[in-house]
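Structure first, then comments.
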Amino acid sequence: MSAGRIQTLAGIAGLAAFIAFADWYVGTEASLGVFYIVPMVIGATVLSWPGLVALAILCSCLRSWFDVPAPLSEQLLRFAFATLAYIASGLLVAALIRNREMTINHLANIRHEQELRREAEEQLRILAESSPAAILTVDANGTVIAANSATNSVFMIPEGETMKGRAIGEYLPVLLDALQFDPGPEGLRTAAQAQVRRQNEEVFLANAWFSSYMAAEGKRLAAIVVDSSEEMRDREEESLHHLSEGNRIAISAVFHEVRNLSGAISVISANLKDKHGIGEDEDLRALTSLAGGLERVASVELRSRTEGRLDTVDLQGVLDDLRIVIEQDWRDIGGSVRWQIPRDTPPVLGVRYGLFQAFLNLAHNSHRAVRECDVRELSVIVFAEDNKIVIRFVDSGLGVSRPERLFAPFQSGSNGTGLGLYVSRAVLRSYGGELRFEPRTPGCCFAVEVQIA
């Protein structure tokens, strides 16, 4: 029990004793019982309701001892009414104190929530103002009612002016179209890539994320707009570079086959000339000349290995990208992909785009091979071997009927051009790697070898 509580109880006892003494001193001429309400009020600050009831009974007893003489029945009624009055006064004060404490706590909670709300609003304001993306709010009429400072730079608003109050349809029509769409009570939450017109009539490509909501004033739309023109330029230039590199490798591989064919034609022509003595035949001389021409054309074949252009590639990242791309297709056919990739897989030499395309081609081949099978599974197994990494793609398909023709160009039974495996192997060889077929029953297995960086 705390010292303050003990002192209060001692004061209540002393006050009750003083009132009893005064009541005794006055005698039977008058009753001072009404003053016992004072210790009851003080006791309500430290006592619980059982304690208040006990104190009320004690005060009623003291009052009865020094009360004006009366019949027993009247004394009992006075005792009962006094007890009820004392209890009621004490409980009333206790309730008032409790309500006061609850009010104080409630006000403290409200002030705390207001502080948190002001802090959150300040953080959001700082976040919006410091963001390089344009953040704006549009009303139901398509008028901008709020915008951060980055909006002015994104939309090239002249200095001293703001985006607020302007019609968003003149700059980003897709937001105006979104306002016309009625998504229901849940609102609209989506993203779009669209062309945006700046104040100076310049057009650029932007990524926009926006959502609609209902306010007291009507429908509202909040949007975040990011200029993605640089990203688009980099992506298109990178795509052009990869396309050129892929075409170079494919042409190099085809020229290699042409040179082999032209060499074989030259050998056959020489054999015919020696065997049948028709060296002066015009048709044979023309055929020999054509074969020589093809061989000279094929002599422009670029070196099959790329020199000075290999990068250090994060193999784990390439396989993670592959997982994102292919797993949904396998789930759509009721299949599954099992990944056995060590956590400490080292980086490898190559070009990220080329490795990804080779892996994707193998995964798509396995996807086509298992569609009609009862078990549809693909396992991607990675392990280190000497100074290279081996990635095996093992599926549960029917296997390959003519493995000797797998890497020949222009396969007659393929769904595309018949160059997939041919070009993939050429690409991997250009990185100093290899692609090979490993027979197994059942299923099919392709192994990709790449050098550790």
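Somewhere in segment 341-359, is a residue under 12 Å from Leu398 (Cα atoms), open to solvent by less than 50 Å² (accessible area, probe 1.4 Å) and of a type in the set (Val, Ile, Thr)? Looking through segment 341-359, none of the residues is under 12 Å from Leu398 (Cα atoms), open to solvent by less than 50 Å² (accessible area, probe 1.4 Å) and of a type in the set (Val, Ile, Thr). Among the residues of segment 165-182, write down those that are open to solvent by 100 Å² or more (accessible area, probe 1.4 Å) and aromatic (Phe, Trp, Tyr). If the condition is that a residue be open to solvent by 100 Å² or more (accessible area, probe 1.4 Å) and aromatic (Phe, Trp, Tyr), then Phe181 is the only one that fits. Within the set Ala147, Ala108, the sole residue that is modelled with pLDDT of 85 or more and in contact with a Leu (Cβ under 9 Å, 6 or more places away or on another chain) turns out to be Ala147.
Residue by residue, here is whether (1) in contact (Cβ under 8 Å) with a residue 12 or more places away in the chain; (2) over 24 Å from Ala215 (Cα atoms); (3) not in a strand (DSSP E or B) holds:
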| site | (1), (2), (3) |
| --- | --- |
| Ala108 | no, yes, yes |
| Arg117 | no, no, yes |
| Leu127 | no, no, yes |
| Pro132 | yes, yes, yes |
| Ile135 | yes, no, no |
| Thr151 | yes, no, yes |
| Pro158 | yes, yes, yes |
| Thr162 | yes, no, yes |
| Gly169 | yes, no, yes |
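Kindly indicate the residue of segment 183-198 that is at pLDDT 80 or above and open to solvent by 70 Å² or more (accessible area, probe 1.4 Å) and also farthest from the chain's Cα centre (by Cα) among those meeting that condition. That would be Arg197. Candidates are the residues of segment 436-453 that are within 37 Å of the chain's Cα centre (by Cα) and either over 26 Å from Glu372 (Cα atoms) or surrounded by fewer than 16 Cβ atoms within 10 Å (Cβ to Cβ) (or both); the one that is modelled with the lowest pLDDT is Ala453. Of all the numbered requirements in (1) of a type in the set (Ser, Thr, Tyr); (2) within 52 Å of the chain's Cα centre (by Cα); (3) surrounded by 13 or more Cβ atoms within 10 Å (Cβ to Cβ), Tyr86 misses one, and that requirement is (2).
Each residue in segment 302-327 was checked for being modelled with pLDDT under 85 and either open to solvent by 60 Å² or more (accessible area, probe 1.4 Å) or not in a loop (DSSP other than H, G, I, E, B) (or both), and 8 of them qualify.
Of the residues in segment 328-337, not one is aromatic (Phe, Trp, Tyr) and either out of contact with any helix residue (DSSP H, G or I) (no Cβ under 9 Å at 6 or more places or on another chain) or assigned to a loop (DSSP other than H, G, I, E, B) (or both).
The values are calculated or read from the model by the stated rules, or taken from the named source; none is laboratory data. All of these numbers come straight from a predicted model, not from anything done at the bench. Here Cβ is always computed from backbone atoms with ideal geometry, including for glycine, and neighbour counts include all displayed protein chains. The area values use the complete protein model at the heavy-atom level, side chains included, leaving out ligands, DNA and RNA. Shrake-Rupley method; radii C 1.70, N 1.55, O 1.52, S 1.80 Å.
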